[in-house]
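Engineer: What follows is a single structure, and I will ask about it in a moment.
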Amino acid sequence: MGHAEEERLLSSRDMPSQPRAGDGADTPQRRDASSRSLLQLMKRMFDLIVILILLPIVAPLGLIVALAIVVVLGRPILFLQQRPGLEGKPFVLIKFRTMTNSRDESGQLLSNAQRLTRFGTFLRSTSLDELPELLNVLRGEMSLVGPRPLLMEYLPYYTPELQRRHHVLPGITGWAQVNGRNTTSWEKRFAMDLWYVDHRSMWLDIKILVLTLWKVLKREGVVPPGHPLATEKFRGLP
């Protein structure tokens, strides 16, 4: 073997090997996935800690609301409905019932506006009807903060871009809820949901929770029963 060839072999052995895709190399994609996993774990721990802190207040309050529903509206106490969760997987959303079961002469339920009582309106405006959703959070089906879980019937109208709102757990409150709630258009609500998906952080979650408390106390963003924004169903963006 010549001296030149021997030098080439030695130099190639001394050179560090270059990482290849799929060999466990630290790539931006891997770092991004790791960061998302860490954020998801932190959000889960944060949710559980907040619920634990609020439990002495929420438990008796929930019991009072449940008893009031029995007296004013009768049974059942809870409203259960299937909603799309993480990656669109269905789960059962739990809320306090806010409407009566009044029907017309043919046995059909009356419209939502006709069945929503003043008591039910009060529960909605104060967000007390949302208290049972804490059970969804404990079960890992929801988070305190995230895009609100909408109706299953809306899924066929989602574009691939809109489907990104399901890349995170749905929330009891979210960025859209503290920026207009139900008083904004579907287009703006979806835009804010997607903005949250792209910019989510623990600090943003804390900010949204603080703003939510302020909005609830002021009862902002609540539309009256029968208002077009309260009855408008999503049928796709223009």
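Where a number appears in this text, it was derived from the coordinates with a stated rule and is not lab data. The shown structure was predicted, so the numbers you read here are calculated from the model rather than taken from an experiment. Neighbour counts run over all protein chains shown; Cβ positions are idealised from the backbone, glycine included.
Engineer: So how much slack lies between Leu80 and Thr126, counting 0.36 nm per residue of separation and subtracting their Cα-Cα distance, in nm?
Structural biologist: Values: separation 46, 0.36 × 46 = 16.56 nm, distance 1.94 nm.
Fully extending the segment from Leu80 to Thr126 adds 14.6 nm.
Engineer: So which of Lys43/Lys89; Lys95/Lys215; Lys95/Lys233; Lys188/Lys215; Lys43/Lys207; Lys89/Lys215 end up more than 22 Å apart, counting from Cα to Cα?
Structural biologist: Values: Lys43/Lys89 20 Å; Lys95/Lys215 20 Å; Lys95/Lys233 20 Å; Lys188/Lys215 18 Å; Lys43/Lys207 14 Å; Lys89/Lys215 30 Å.
Violating the 22 Å limit, Cα to Cα: Lys89/Lys215.
Engineer: If we count every other residue with Cβ under 12 angstrom of Asp205's Cβ, Lys/Arg +1 and Asp/Glu -1, where does the sum land? Can you show the working numbers first?
Structural biologist: Values: positive: Lys43, Arg44, Arg200, Lys207; negative: Asp47.
For residues surrounding Asp205, the net value is +3.
Engineer: When the dipole is taken about the Cα centre of the range 93-202, and only Lys, Arg (+1) and Asp, Glu (-1) are charged at their Cβ, what size is it in debye, to the nearest 20?
Structural biologist: Values: 14 positive and 11 negative charges, 48 e Å.
Taking the Cα centre of the range 93-202 as origin, the dipole is about 240 debye.
Engineer: For a quick check: sort Lys207, Lys43 by the number of other beta carbons within 10 angstrom, fewest at the front. Write out the running numbers ahead of the final one.
Structural biologist: Working: Lys207 14, Lys43 21.
Going from sparsest to densest Cβ surroundings: Lys207, Lys43.
Engineer: Between Leu135 and Ile51, what is the spin-label point distance in nm, taking each point 7 Å from the Cα along the Cα→C-beta axis?
Structural biologist: Between Leu135 and Ile51, the simple spin-label model gives 1.1 nm.
Engineer: Additional query: Sorting Thr173, Thr126, Thr159, Thr212 on the 10 Å Cβ count, fewest up front, what's the list? Don't skip to the answer; put the middle values down first.
Structural biologist: On the way: Thr173 24, Thr126 14, Thr159 10, Thr212 20.
Neighbour counts put them in this order, fewest first: Thr159, Thr126, Thr212, Thr173.
Engineer: Quick check: residue separation of Leu213 and Met152 times 0.36 nm, minus the Cα distance between them. What number comes out in nm? Don't jump to the answer; show the numbers that get you there.
Structural biologist: On the way: separation 61, 0.36 × 61 = 21.96 nm, distance 2.79 nm.
Gain on extension, Leu213 to Met152, equals 19.2 nm.
Engineer: Let me ask something else. Given a Förster radius of 35 Å and the C-beta distance between Leu39 and Gln163 as r, what FRET efficiency does 1/(1 + (r/R0)^6) yield to the nearest 0.05? Walk me through the numbers on the way to the answer.
Structural biologist: Numbers: r = 20 Å, r/R0 = 0.58.
Here the calculated transfer efficiency is 0.95.
Engineer: Okay, which of the range 148-166 sit inside 18 Å, backbone N to the point 7 Å along the Cα-Cβ direction of Val58?
Structural biologist: 148-149, by backbone N distance to the label point.
Engineer: Now, a different point. Given labels modelled 7 Å from the Cα in the Cβ direction, how far is it in nm from Glu232 to Ser185?
Structural biologist: My value for the distance between the label points is 0.8 nm.
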